[in-house]
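Data first, discussion second: the structure below is written as structure tokens.
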Amino acid sequence: MQVVVRALHVLRALAPKSKGATLQELHEELDIPVGSLHRLLATLAKEDFVTRSVVNRRYFLGPTARQLAEQNPHQSALLVTPHRAVVTAAEASGETVFLTELIGDRAVCVALSEGRHPLRLFVRIGQEMPLHAAASGRSLLAYRPEPDVRSLLTQRALTSFTAETPVTVDDVLTHLTLVRARGYDVCDDELDRGVWAVASPVFTSTGAVAASVTLAAAGSRMRDPLTRATAIQTVLTAARDLSTELGFSGQWPDTADDPARSSSPAVETADTSPRRDSTAEEPR
């Protein structure tokens, strides 16, 4: 029974650590021998209760552990209470809106608010989103250093979900310049046929990306350019509200101010960090 108790201690220790923990840090906190702790973490990682970042080698709570927080499927899908900005976006658009975070090396849905309109793409809390094919995942990658992005993408098969799915690391990197140029990403039939989605990153006070907010809808409802522009603006508003709450005072890309004007912007090289606004007021 000791190994079970130790496993629970590890999960409890990792749960509040948004930046993860190293093997040494967990050893010092839990007083579990390093050898035993390493074997335990390897087993938990195999079952997806724990993940280990390929970039910084830190351990994080895994998607399976987060799925345990889901409630009975016969009840509402919203066990994790979504932020008011997410709820407001879902109510205003009638579409499903969700938050995604990079946990270790995986993009995981951490909260959602279901829309009143039906959606073919099934999204649930704890679900992993493909980094290369989902707008939610690509928005998390867009502002990371290129070596980190390459490392994350080369650790997995880049599955071709549809004919439009980018399936090489270079294709994804090229697409990420577009995400940075306009401040949001669009996924149209790249992950699932008949599904259109728009996502935007959520920034912290330091300019790091904490999460992405995504609106997903049936493609048939999003054919009108004005409808798409409205959906994009809804997501940008939610992302800015969330970022402001986290203390971000930087300047968003100019093209993001008018989605209709930037529906097909030229791909250009962009800095991998959001611009700072020297005149912005410091968050109180």
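Structural remarks
- Inter-label distance, Asp31 to Leu11: 2.3 nm, where each label sits 7 Å from its Cα along the C-beta direction.
- For Val110, residues with placed amide H under 5 Å, excluding near neighbours: Leu99, Thr100, Glu101, Gly126
- Carbon-plus-sulfur accessible fraction, region 1-72 (probe radius 1.4 Å, protein heavy atoms only): 54%.
- Selection from Met129, Leu140, Leu176, by position along the positive dipole direction of region 104-176 (Cβ): Met129
- Accessible-area composition of region 125-261, carbon plus sulfur, in percent [1.4 Å probe]: 52 percent
- Applying both filters, DSSP loop and at most 11 other Cβ atoms within 10 Å, to the trypsin sites (Lys or Arg not before Pro) of region 99-180 gives Arg116.
- Using only side-chain charges placed at the Cβ, +1 for Lys and Arg and -1 for Asp and Glu, the dipole size of region 1-50 relative to its Cα centre rounds to 100 debye.
- Entry comment: accessible area of region 153-219 is 33 Å² per residue, from protein heavy atoms only and a probe of 1.4 Å.
- Rough spin-label spacing in nm, given labels placed 7 Å along Cα→Cβ, for Ala229 and Ala157: 4.2 nm
- ³J(HN,Hα) computed for each position of region 239-250 - Karplus, 6.51 cos²θ - 1.76 cosθ + 1.60, integer Hz, glycine/proline x: 5, 5, 4, 5, 5, 4, 5, 8, x, 6, 10, x
The values are calculated or read from the model by the stated rules, or taken from the named source; none is laboratory data. Just so you know, these numbers come straight off a predicted model, no measurement behind them. Using ideal geometry, Cβ is built from the backbone for each residue, glycine included, and neighbour counts are taken over all protein chains shown. These area figures cover heavy atoms from the full protein model, side chains too; ligands, DNA and RNA do not enter into them. Shrake-Rupley method; radii C 1.70, N 1.55, O 1.52, S 1.80 Å.
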